[in-house]
Every structure is written in structure tokens, then in C-alpha cells.
Amino acid sequence: MKYIIVLGDGMADEPIESLGGKTPIEYADTPAMDRLAPLSEVGLAATIPDGMKPGSDTANLAVLGYNPQKYYTGRSPLEALSIGVDMKTTDIALRCNIVTLSEEEGPYEERTIIDHSSDEISTEDAAVLLDAVKEVFENETYHFHVGTSYRHLLIWEKGEVVDLTPPHDVLTQKIGQHLPQDEKMREMMKKSFDILNHHPLNEKRAAEGKNKANSLWFWGAGTRPALSSFYEKTGKKGVMISAVDLLKGIAVGAGMRNIEVPGANGGLNTNYEGKALAGVKALLEEGADFVYIHVEAPDEMGHQGSVEKKVKAIEYLDQRLIRIVAEEMDKSGEDYRLLIMPDHPTPIRCRTHVSDPVPYLLYDSRKKSGQGLLYSEANGKKSGILVKEGYRMIDRLLGE
Ligand SMILES: [Zn+2]
């Protein structure tokens with residue numbers, strides 16, 4: 001028996017008027033899921049424990065079977081693992097975004113945050129800009145590490161877990177009230193604007209019509225994580241396929257192998273087919289029992305507030321990834337169980353994550369009948385199945 005999770009980050013949503021009152025999942029053309037769903041168990045899972053924030057970190061930990069209340073120590077420590085940074089127990093890791101702020105005359109605090117991703121800046125461009133700030137800020141207390149695209153890492157030696165605001169939660173707002181209380185953090189963000197706004201690379205980006213990557217933004221502080229081994233926990237050899245450092249870090253922490261897929265970039269035009277085939281190959285040829293295929297695109301399109309692109313992301317996920325996984329597994333003759341779900345909703349309405357339970361689809365290739373429901377938020381509810389502790393979804397997948 002082989003086990004697969006396809007995680008469409010943030011794909012759950014709410015009914016949207018411009019889609020005729022349908023959600024993006026309901027509206028999207030998804031022949032692969034439409035074929036599997038009626039034969040499957042469709043239900044809801046609460047991935048975010050009460051009182052915790054609906055992050056991709058807490059939610060993906062839960063989907064992989066780690067109770068966030070027990071294992072979560074912050075987002076960026078997980079990303080640090082993926083970059084290969086070995087944290088000391090006294091280190092604090094912080095996510096260091098490179099973001100786009102407005103450029104009008106006046107104080108830093110009065111600026112507006114325009115884009116948390118600087119137009120999904122390339123890692124190469126980001127590395128050049130990070131070098132420029134590193135030259136000024138790096139010392140025995142603060143260490144910068146290049147991650148991927150707009151997502152980078154600051155290690156604060158003997159620091160503390162300070163409360164910080166995720167930039168994607170305050171898009172289009174004035175930044176003053178969202179800046180760190182910590183004096184030094186605030187000062188570094190402020191100065192980074194002076195260093196970056198007129199950096200030659202940013203002038204070039206502006207000339208090309210791209211958003212300038214003109215400020216650092218720190219958030220997601222946390223201490224070194226200690227996950228238990230996925231293999232010891234489940235007896236299954238697992239692999240992770242994701243473009244996102246957070247997921248790769250969770251995999252490192254859980255002792256799972258990361259598979260790098262060329263062209264997988266966390267964006268709308270990621271290499272869906274490559275991820276599907278890499279997952280199937282890991283299961284059928286490389287001895288893996290379990291594969292977690294994570295696709296960031298629906299979440300990013302939700303943050304961008306683009307209904308059309310979010311629908312497109314779900315269609316690509318279905319037609320270019322889920323279809324291939326199911327067809328190739330069917331062809332192989334191996335029995336398999338396939339769980340399709342998001343980690344959390346990222347509704348277009350609010351352009352950020354919410355804590356509502358998410359719909360899941362659990363398909364078992366041995367079963368030829370199910371509830372007869374299509375996969376959607378409403379049908380998850382209609383089924384009457386609610387998995388209250390999301391971290392137990394993995395038991396449902398691996399259970400039989
Ligand atoms: Zn997410």
C-alpha cells in the first residue's frame with residue numbers, strides 16, 4: 001500500500017459573487033477530483049487548534065500528524081532547518097521578508113505595505129539586496145541567511161521570541177502600528193529602506209515595471225524545533241515534494257527526504273507535472289511508502305486577491321498533478337490511498353489565512369464506491385464528518 005497527500009495550500013475559500021456564488025474549488029474545472037471524489041470519503045478537518053494562528057506552519061504540521069500545540073515553536077525555525085542552519089538552543093530564528101513599501105515623502109512609519117513578496121522576487125535578485133543590508137547589519141548577534149524568493153532568515157543570537165506581525169496580514173495598510181516593539185528590529189527595518197530603495201537593482205526593477213524590494217520585514221520568531229521522526233511515528237518511509245522552505249524544513253525536522261523538482265517555484269507556473277512524476281517515482285521506484293506533495297500556488301493567488309488566478313491554480317493542480325498521480329498509480333497496479341486537502345482556507349475576500357475547518361477527499365484505490373459527493377467546502381460539511389483534531393488526519397490516511 002502506498003500513501004499520498006496532495007496539499008493545495010490555501011485552496012479552500014468562501015462563495016464568491018463573481019463566480020456565481022460558488023467557491024473557487026466548486027467553480028474550477030477539475031475532472032480528476034470529480035472522478036475520484038464520488039468514490040471517496042469527503043469530510044472536514046480542523047487543522048488549526050483553538051487559540052493558534054492559522055499559519056501554513058501550524059496547519060501543515062497538523063496534516064503531517066504533528067500536534068501543533070506540542071511541536072510548534074515558530075515558523076522560521078522550520079525554515080532554518082531547510083536552509084541547513086543548525087540553530088543553537090539559545091538562538092531565535094526570524095523570517096526576514098523582502099517587501100515592497102510605498103515611496104512617498106515622509107517618515108518610514110507612514111509608508112504603506114504594497115507587496116509582501118516584492119513581485120515574487122527571484123532568489124538571485126534577493127541575494128544581491130540581502131548582501132547590501134548584511135554589510136551594514138551583520139554582527140556577532142545578528143546573522144542573515146538567503147532562503148528562497150522573498151523568504152529569508154535572520155538568526156538572533158541569545159534573542160527572545162518577540163511578537164511580530166506577518167506582512168501578508170496587513171497588505172495595503174500603513175505600517176507604523178505594525179512595526180516591531182523591539183527597538184533594534186524596528187531600527188533595522190527602517191534603515192533597510194534607506195539602503196534598498198535606491199539600490200541600483202531596485203532602480204532596474206522599477207524600470208522594468210516590477211515592484212521594488214525596498215524593505216526588510218521581520219516576523220515568525222521562534223526557538224529551535226524538536227519534531228519526532230515520521231518513520232518512528234508511523235513506520236512509513238516518507239518523502240516531501242515542495243518548493244517552500246517551510247515545508248522542506250518540516251521534512252528535515254521529521255527525518256523525511258526532500259525531493260527537489262526543477263522548475264518548482266511556489267508560484268502559479270510551477271512544475272506541476274514534474275512534482276507529480278517525482279512523487280510517483282519515489283513511491284514506485286525509490287522505496288518510499290508515503291509522499292507529501294505540496295503546492296503553494298492557490299495560497300499565493302489568495303494572498304494576491306485574484307479570483308481568476310486562484311481558480312487557475314486549482315485547475316492546474318487538478319489537471320496537471322492530481323490527474324497524473326492517479327493515472328500513474330492506477331497503471332502501476334499498486335494499491336494506494338490518496339488524501340487531497342488544503343492546510344487552511346485563504347479566502348479571496350480577506351487575502352489572508354483563516355481558521356475554518358477545511359474540506360478533504362480521501363480516496364482508496366481498493367474501494368469502488370463512496371458517498372457520491374463532489375469535493376467542495378459545502379460537501380465536506382454536508383457529509384457530516386468532522387475530524388476535530390486535524391493532526392489525526394494522518395491516522396485516517398495510514399489507518400487501513
Ligand atoms: Zn498555507
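Name every residue in region 1-40 that is of a type in the set (A, V, I, L, M, F, W, C) and away from the ligand (no atom under 16 Å from the Cβ), in order of residue number.
Hits for region 1-40 are MET1, ILE4, ILE16, LEU19, ALA28, ALA32, MET33, LEU36, ALA37, LEU39.
Residues HIS303, HIS294: which one is modelled with pLDDT under 95 and either farther than 19 Å from GLY380 by Cβ or out of contact with any Pro (no Cβ under 6 Å at 6 or more places or on another chain) (or both)?
Answer to the check: HIS303.
Having 2 or more residues that are within 17 Å of the chain's Cα centre (by Cα) is the bar; report the helices (runs of 4 or more DSSP H) wholly within region 291-372 that clear it.
The helices (runs of 4 or more DSSP H) meeting that bar are 297-304, 307-316.
Here is a yes/no grid of residues against (1) closer than 19 Å to ILE340 by Cβ; (2) modelled with pLDDT of 95 or more:
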site	(1), (2)
LYS2	yes, yes
VAL6	yes, yes
MET11	yes, yes
GLU17	no, yes
PRO31	yes, yes
PRO38	yes, yes
LEU44	yes, yes
ASP57	no, no
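Read through the list (1) surrounded by 16 or more Cβ atoms within 10 Å (Cβ to Cβ); (2) within 30 Å of TYR3 (Cα to Cα), then give the number of the only condition that ASP169 fails.
Of (1) surrounded by 16 or more Cβ atoms within 10 Å (Cβ to Cβ); (2) within 30 Å of TYR3 (Cα to Cα), only one is false for ASP169: (2).
Look through LYS309, LYS281, LYS275 and report the one residue that is surrounded by 23 or more Cβ atoms within 10 Å (Cβ to Cβ), modelled with pLDDT of 95 or more and basic (Lys, Arg).
Among LYS309, LYS281, LYS275, only LYS275 is surrounded by 23 or more Cβ atoms within 10 Å (Cβ to Cβ), modelled with pLDDT of 95 or more and basic (Lys, Arg).
Would you confirm whether or not region 282-292 contains a residue that is within 16 Å of the ligand (Cβ to nearest atom), in contact with a strand residue (DSSP E or B) (Cβ under 8 Å, 6 or more places away or on another chain) and among the aliphatic types (A, V, I, L, M)?
The answer is no, given that none of the residues of region 282-292 is within 16 Å of the ligand (Cβ to nearest atom), in contact with a strand residue (DSSP E or B) (Cβ under 8 Å, 6 or more places away or on another chain) and among the aliphatic types (A, V, I, L, M).
Mind checking which pairs have a first residue in region 334-348 that is among the hydroxyl-bearing types (Ser, Thr, Tyr) and a second that is within 16 Å of the ligand (Cβ to nearest atom), Cβ under 6 Å, 6 or more apart or different chains?
THR346/GLY10; THR346/ASP299; THR346/GLY302; THR346/HIS353
Which residue is modelled with the lowest pLDDT, if the candidates are limited to region 327-378 and must be more than 16 Å from the ligand (Cβ to nearest atom) and of a type in the set (Ser, Thr, Tyr)?
Result: SER369.
Being more than 19 Å from ALA288 (Cα to Cα) and either touching a strand residue (DSSP E or B) at 6+ places or on another chain (Cβ under 6 Å) or in contact (Cβ under 8 Å) with a residue 12 or more places away in the chain (or both) is the filter here; which residues of region 250-270 pass it?
Hits for region 250-270 are PRO262, ALA264, ASN265, GLY266, GLY267, LEU268, THR270.
What are the residues in region 41-67 that are more than 16 Å from the ligand (Cβ to nearest atom) and touching a Ser or Thr at 6+ places or on another chain (Cβ under 9 Å), if any?
The answer is GLU41, VAL42, GLY43, LEU44, ASP50, GLY65.
Of all residues in region 62-78, how many are surrounded by 23 or more Cβ atoms within 10 Å (Cβ to Cβ) and polar (S, T, N, Q)?
Matching residues across region 62-78 total 1.
All but one of (1) in contact with a strand residue (DSSP E or B) (Cβ under 6 Å, 6 or more places away or on another chain); (2) under 23 Å from VAL387 (Cα atoms) hold for LEU317; which doesn't?
Among (1) in contact with a strand residue (DSSP E or B) (Cβ under 6 Å, 6 or more places away or on another chain); (2) under 23 Å from VAL387 (Cα atoms), the lone unmet condition for LEU317 is (2).
The values are calculated or read from the model by the stated rules, or taken from the named source; none is laboratory data. Fair warning: this is a prediction, and the values are worked out from it, not measured in the lab. Using ideal geometry, Cβ is built from the backbone for each residue, glycine included, and neighbour counts are taken over all protein chains shown.
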